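A short write-up of the structure that comes next.
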Amino acid sequence: MKKIMIIFTLVILSFGLAACNGSNQETNSGTASSASGGEEMTIRLGSHLPPSHSVIAVTEKFKEIVEGKSDGRITVEIHPSGELGGQSELIQSLQVGSVEMTINDAGVLSNFAPKVGVLDLPYTFKDYDHVHKVLDSPVAEELEKELDAIGIKSIGWVDSAFRDLLVNKEVSSIKDVNGLKIRVPDAPQYLRTVQSWGASASTIPWGDLYTSLETGVVDGFEGSAESIHSSALHEVVDYRVPTEHIFTVLSLNISKSVFEGMSSEDQKLIEEAGREAALYGRDLAMERDVEYKEKLEEEGLKTLEIDKESYKKAAMEFVNEYAKEIEVTDLLEEIKELQ
């Protein structure tokens, strides 16, 4: 009888232990499911810039954050060098949701949301600190509303560098720029800037610029030190004219329709990752600008001494008029007050 009772007790205990183990497994399984909860998703992020550019490093940081926080449930595929199309094509794809994310120059975005062009007006920014104050201010929030209205959600403003003029002819004064054919992005403020210096503007694609300089289709272009070096354009141009006329600001964007189709948790994740990646890019952009200016000098690109004020004076003749055209006079004043 005692043996029967002992066996019965052992059976009951074994069932109890099995039940406990089952409960623990269920709990652990539930926790894992919660950590990776939600639908799996692949985000394609398109850019016109080459893989070595600091802006692409910002997108890689975004990818790292998103994939890490989602435990790999959300995958980010980065497509640099115009793999998914040029800037305008990418923006149009973003609007209809056929591409999930892009990173675009404010100047090109202004063709779709004109007020965003205030960021690319010549001689708007004093220095990097001024840029950061503006990007952290209500001015940026106002521009985000403009993008939202055309189906684009900005999740981070990314700064790059001041742009200079690059030419194959030695320039001693602004008069020497007269008649030169200069490649610029396809945005009105860029066109009007070089035209104010007496040059004619060409909007050939960035990918065709090397050959166009090599064959004399254009006499020069304008851009930042990093963009020049990353595309090897210093091989086909002789002089850097340090005009520092426009500071390149980019927006890290997600299609509004794609964003609205996400869960609130994923929306929060994407927004936080965008802000974190943009902040990461600030110090990197400044470091790269110094680094690549030194590299360009070392590799034979000659920097000319100029009267920068003469370039500024010529460009400012159209700025106030253009600011009225795109209805950003008040925003421009707010930007100046943040210096």
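Just so you know, all these numbers are worked out from the coordinates, no wet-lab data involved. Since the structure is predicted, the reported quantities are computational estimates derived from the model, not experimental observations. Cβ: placed from backbone, ideal geometry, glycine included. Neighbour counts: every protein chain shown.
Some observations on this one:
- Selected from Tyr210, Ser251, Phe162, residue furthest toward positive end of dipole (the chain; charges at beta carbon): Ser251
- Gain on full extension, evaluated as 0.36 nm per residue between Ala149 and Glu170 minus their Cα-Cα distance, stands at 3.0 nm.
- Dividing the mean sequence gap of close Cα pairs (under 8 Å, 6+ apart) by how many residues the chain holds gives a relative contact order of 24 percent.
- Fewest-first sequence of Ile150, Ile254, Ile74 by Cβ atoms within 10 Å of each Cβ: Ile150, Ile74, Ile254
- Global geometry of segment 213-337, whether rounded, prolate or oblate, following the gyration tensor of its Cα atoms and the 1.5 cut on a/c: oblate
- Options Ser81, Val116, Ser227, ranked by Cα towards positive dipole end of the chain, top entry (Cβ charges): Ser81
- Filtered GluC sites (Glu not before Pro), segment 124-181: DSSP coil and at most 14 other beta carbons within 10 Å: Glu170
- For the pair Lys268 and Val290, label points projected 7 Å from Cα toward Cβ lie 3.8 nm apart.
- Taking the Cα centre of segment 251-339 as origin and assigning +1 to Lys and Arg Cβ atoms and -1 to Asp and Glu Cβ atoms, the resulting dipole is close to 140 debye.
- Point-to-point label distance, Lys133-Asp307, nm (Cα→Cβ direction, 7 Å offset): 2.9
- Pairs beyond 22 Å (Cα-Cα), from Lys153/Lys268; Lys126/Lys169; Lys153/Lys324; Lys63/Lys268; Lys126/Lys308: Lys126/Lys169; Lys153/Lys324
- MRE, 222 nm, helices only [DSSP H, n ≥ 4, -39500 (n - 2.57), over the chain, to nearest 500]: -16000 deg cm²/dmol
- For segment 69-217: relative contact order, % (alpha-carbon pairs under 8 angstrom, 6 or more apart): 18
- Charged-residue dipole, Cβ positions (Lys, Arg, Asp, Glu), segment 102-243 about Cα centre, Debye nearest 20: 380
- A protection proxy built from the mean count of other Cβ atoms within 10 Å ranks the segments 129-136, 263-270, 97-104, most packed first, as 97-104, 129-136, 263-270.
- Bridges between two residues of the chain, per DSSP, are antiparallel at a rate of about 55%.
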